[in-house]
Amino acid sequence: MTEKIGVYVCHCGSNIAGTVDVADVAKWAAEQLKHRGVVIARDYKFMCSSLGQELIEKDIKELGLTRVVVAACSPHLHEKTFRNACKNAGLNPYLCELVSIREQVSWVHSDKVAATEKSKAIVAGGVERIIWHEPLTPLRVPIHPATLVVGGGIAGIQAALEIADGGTHVYMVEREPSIGGHMAQFDKTFPTLDCSACILTPKMVDVGNHPNITLLTWAEVTHVDGYVGNFQVTIRQKPRYIDTATCTGCGICQEKCPKKVVDEVFEAGLGYRKAVYTPFPQAVPKFPVIDRENCTFFQKGTCKACEKFCPTNAINFNQEETTLQIDVGQIILATGYDLFDARRIPQYGYGRLANVFTSLEFERLTNAAGPTGGKVFLRDGVTVPKSIAIIHCVGSRDKNYNNYCSSICCMQSLKFAHLAHEKTGAEVYNFYIDIRTPAKAYDEFYQRIMEEGTHFIRGRVAEVTDAARNPGEEGKLIIQAEDTLIGKQRRIPVDMVVLSAGLEPRHDAKDVGRMFGLSCSSDGWLIERHPKLDPVATMTDGIYIAGVAQGPKDIPASVAQGAAAAARVMGKIQQKEVAMEPIRATVNQDKCSGCRICNNLCPFSAILFHEDKMVSEVNPALCQGCGTCVAGCPAGAITGTGFSDQQILAQLEGLLLLNVKRLEPEPVPA
């Protein structure tokens, strides 16, 4: 063998060494893989530490190593660490192979002997594979300074402002007529009980007025091409039927419009809006939109009251949908969430029993700008409830619907209890599974609500019914639940029930993920690169996620994540160019049959088809090196850098220990 290979086996404290005899693995590699080029094999307590890296660097320089195999944790965590160590010692960083004996061995086995033998096989596979490695050079591409932020909720707003304040341009796309998201619908925010609009609208105004932000509301992204540093985005701008160049936002068109429509979006079905409307008074931008589905002119060809009274002639019924093409370097997705549909739990009676409300409906009832002016009434619009039940975890922590915790339900329900006391003086009952108040000042808020006299009943509610069993229950809603603290079934009659509904991924989250080249978890949330160490980056370079699009979280966490995504974007912009992994697929055009199977398989749309030559070609800047096309090509015309057939087959031989000299069995005496 001409290669000189160093093998380094990490203890990872007791993470690996507690299950694997790492010293034996290193000794075995030095002895049994010597004929494959292994000249040194060491074990060390923490190979990723400075001392561990210096050990590798020293061996590369003194022993002239040409290849390095590190047996440690997942390549996701420390591949870059060991590549840098090789680079520091003058060795091409792509001549380093990191094999996992933690996630794939010590964390999944308890038999120490079997785990040690499996580790030897994995090390043998790594040694055999790295023999075929070739020196590689990262691809460097320039970064376009503009950024696209998709979603105008609080996470998107924070990200856009951070980037724009840094001096680079931001395009913000929001599908609704105004930015603000769900936070604009709330009355107060926990635990400080700040007026939600009072802290949100200044930021919305900043976005609307910022010279570095192009705000595109009532618009949607329809197509994305390109790669990190050079994305081409197509945006569909829906017609407002309002000329925004001349509209002053005076509101006369809304005032004169004769058509009233139930507002199912912003007012959650509790209030009305006109056919020409802005969702709420502080909307940004201030321009209204005409609801074509409900506008009398579009239905019958008559009316035009808005046009007649508009003082600036801003109404334009001939406006049509347009498309816009923009170039951006990076993208932040802050697409938010949908509220769990409480009708899916029929035993709670929402949609069947009049005085069962969702959490969003209660938010609008308590909001001073809501349909009742902040007064809490039953559905009849006049009766103030004297007793209110709040049911936690509706659609969350329930294997029949969503197994995850929605993160905000406990604090939201405590806030509702406070608002119910404040606005009605009613007896309030909170039905909970567990109270989860882990953030700053949250538990103190919980204690405050208990001191205010709220009743807490621990147990999942079985049913909400209006079937009375005694005179005291007549005309009431009865909560049937088990109180697990006293071990008894209880029936609590109340006037109003509030269902604290959980959070769900956007209904089109998978389509959005597919468009941007991202994956979704089994629950439907967009997947981050690493849940702990890289929660805003994704597996697609240049695309970041922020806010509830990544998973349930409250407003402070959403703001923090929006700022974090912005910091990542700014860091890349300041570098002016980005180094991309050279692990890419290539097509041998002499072997390509032109079947185009790879074109459809590629999840990153990185493969082009040349009609004139009838062959496919991989765009190396778009390719993420996933290998899907390599496996799918029936002609074997595609190879993956770092994952050639020779490398894969060699690794398999190593894993099967076919590269190890086996001892002849001792003859058995006759």
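The values are calculated or read from the model by the stated rules, or taken from the named source; none is laboratory data. As the structure is a prediction and not an experimental result, all values here were calculated from the model. Glycine also receives a Cβ, built like all others from the backbone with ideal geometry; neighbour counts cover every protein chain displayed. To get the accessible areas, we keep the full protein, side chains included, count just its heavy atoms, and leave off ligands, DNA and RNA. Shrake-Rupley method; radii C 1.70, N 1.55, O 1.52, S 1.80 Å.
One table, with the values for the structure above:
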read-out	value
Among residues of region 513-526, those that are touching a Leu at 6+ places or on another chain (Cβ under 7 Å) and either aromatic (Phe, Trp, Tyr) or modelled with pLDDT under 95 (or both), counted	4
Test: residue in region 178-193 that is more than 30 Å from ALA420 (Cα to Cα), of a type in the set (A, V, I, L, M) and open to solvent by less than 20 Å² (accessible area, probe 1.4 Å)	no
Region 131-144: number of residues that are aliphatic (A, V, I, L, M) and in contact with a helix residue (DSSP H, G or I) (Cβ under 7 Å, 6 or more places away or on another chain)	3
Listing of strands (runs of 3 or more DSSP E) fully contained in region 536-602 that carry 1 or more residues being modelled with pLDDT of 95 or more, touching a Lys or Arg at 6+ places or on another chain (Cβ under 7 Å) and farther than 23 Å from ARG83 by Cα	543-545
Among the residues listed as PRO285, PRO281, PRO258, the single one being assigned to a loop (DSSP other than H, G, I, E, B), buried (at least 18 other Cβ atoms within 10 Å of the Cβ), out of contact with any Asp or Glu (no Cβ under 7 Å at 6 or more places or on another chain) and not aromatic (Phe, Trp, Tyr)	PRO285
Hits in region 375-411 (condition: in a helix (DSSP H, G or I) and within 14 Å of THR454 (Cβ to Cβ))	CYS410, MET411
Region 483-518, residues that are buried (at least 20 other Cβ atoms within 10 Å of the Cβ) and of a type in the set (Val, Ile, Thr)	ILE492, VAL494, VAL497, VAL498, VAL512
Meets criteria (within 17 Å of GLU176 (Cα to Cα) and either modelled with pLDDT under 95 or more than 33 Å from the chain's Cα centre (by Cα) (or both)) for LYS256	no
Extreme residue, nearest to GLY151 (Cα to Cα), among residues of region 342-357 that are surrounded by fewer than 23 Cβ atoms within 10 Å (Cβ to Cβ), touching a residue at least 24 places away in the same chain (Cβ under 8 Å) and within 33 Å of the chain's Cα centre (by Cα)	ARG344
Test for THR302: is it in a loop (DSSP other than H, G, I, E, B) and touching a Ser or Thr at 6+ places or on another chain (Cβ under 8 Å)	yes
Hey, HIS392 open to solvent by 60 Å² or more (accessible area, probe 1.4 Å), at negative phi and modelled with pLDDT of 95 or more or not	no
Answer residue from region 1-17, given it is among the hydrophobic types (A, V, I, L, M, F, W, C) and not in a strand (DSSP E or B) and is most open to solvent (accessible area, probe 1.4 Å) among those	MET1
Single residue of LEU333, LEU360 found to be touching a residue at least 40 places away in the same chain (Cβ under 8 Å) and open to solvent by 20 Å² or more (accessible area, probe 1.4 Å)	LEU360
Candidates VAL20, VAL70, VAL25, filtered to the one that is open to solvent by less than 50 Å² (accessible area, probe 1.4 Å), of a type outside the set (Lys, Arg) and part of a strand (DSSP E or B)	VAL70
Number of the condition not met by ALA468 [criteria: (1) open to solvent by less than 50 Å² (accessible area, probe 1.4 Å); (2) modelled with pLDDT of 95 or more; (3) not acidic (Asp, Glu)]	(2)
Strands (runs of 3 or more DSSP E) lying entirely in region 472-514 (those with 2 or more residues that are in contact with a Ser or Thr (Cβ under 9 Å, 6 or more places away or on another chain), among the hydrophobic types (A, V, I, L, M, F, W, C) and under 25 Å from HIS421 (Cβ atoms))	477-483, 488-494, 496-501
Residue satisfying condition, being crowded, with 24+ Cβ neighbours inside 10 Å and either of a type in the set (A, V, I, L, M, F, W, C) or in a loop (DSSP other than H, G, I, E, B) (or both), within set ILE122, ILE163	ILE163
Given (1) under 21 Å from GLN647 (Cβ atoms); (2) in contact with an Asp or Glu (Cβ under 7 Å, 6 or more places away or on another chain); (3) part of a helix (DSSP H, G or I), index of the condition LYS80 fails	(2)
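A quick yes/no check of all residues on (1) farther than 19 Å from GLU62 by Cα; (2) modelled with pLDDT of 95 or more; (3) under 44 Å from the mean Cα position of the chain (by Cα):
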{"site": "TYR8", "(1), (2), (3)": "no, yes, yes"}
{"site": "HIS11", "(1), (2), (3)": "yes, yes, yes"}
{"site": "VAL20", "(1), (2), (3)": "yes, yes, yes"}
{"site": "ALA23", "(1), (2), (3)": "yes, yes, yes"}
{"site": "LYS34", "(1), (2), (3)": "no, no, no"}
{"site": "ILE40", "(1), (2), (3)": "no, yes, yes"}
{"site": "ASP43", "(1), (2), (3)": "no, yes, yes"}
